[in-house]
Amino acid sequence: MVLAEMMDEESGPPMEVFDVIPEPGETVRLAEVKVRYDLSVMQSLRRIIRAVSLYSHQLAATYKITAPQLVCLLTIVNEGPLNLSRLSKQVFLSASTVVGILDRLEEKDLITRQRDHKDRRLIHVQATPKGEDLAAQTPSPLPTALANALQQLPELEQATIALSLERVVDLMEARCVPHPPVAEDKPAPEEI
């Protein structure tokens, strides 16, 4: 079984996800194996969420900035002054969440907010010199082990991983999944 062979016991899905577990030396046809991909994907996503959360706490302890704050700060530094709406879209967070993050970044003197001269409703956010320095000094917003491992991979493999994760997001947001047709209560043609 390719899936089971590719995963070690510690990081792979639990053996219960397989309906057929071959004895050593026994050959099993793929059709005989039913893998619970939904469970495996859910477990993998859960492990990713946990690792990112733990890393965010490490960032906060070391650099006094959480991963979401760092992502916002890096986006502001890299993209230049942004308004709240554009920043929210860039970092995939709600506007209300970003406002809270900006409040904390502003308290730390890492960003400033300025009203637009032409449209007073718009507020532009930009990094302060202290924010730019911190952005230059902090490590990747990804967990260090993952960031280092990704850098060691060939570019094609990095692109494949990025595209696969984007596909998972698309599936979760149901952007690319065709919906099955809704059954109607009409009799089948042969019954008419």
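The table that follows gives values for the structure above.
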read-out	value
Simple spin-label estimate for Leu146 and Tyr63 in nanometres, 7 Å along Cα-Cβ	1.5 nm
Difference of contour (0.36 nm per residue) and Cα-Cα distance, Ser40 to Glu79	10.4 nm
In Hz, Karplus ³J(HN,Hα) per residue of region 69-84 (6.51, -1.76, 1.60; θ = phi - 60°; x = Gly, Pro)	5, 5, 4, 5, 4, 4, 5, 5, 5, 6, 9, x, x, 10, 8, 4
Prolate/oblate/rounded label for region 67-107 (Cα gyration tensor, a/c 1.5)	rounded
Distance between modelled label sites at Met172 and Arg115, nm, 7 Å Cα→Cβ extension	3.8 nm
HN-Hα J in Hz across region 129-134 - Karplus 6.51, -1.76, 1.60, θ = phi - 60°, x for Gly and Pro	x, 5, x, 5, 5, 5
Placed amide H near Asn83: partners under 5 Å, 5+ positions off or other chain	Val125
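Rule-based calculations on the coordinates, nothing more; no lab input. Quick caveat, the model's predicted, so the values are computed rather than measured. A quick note on method: Cβ atoms are made from the backbone with ideal geometry, for glycine too, and the neighbour counts reach across all protein chains shown.
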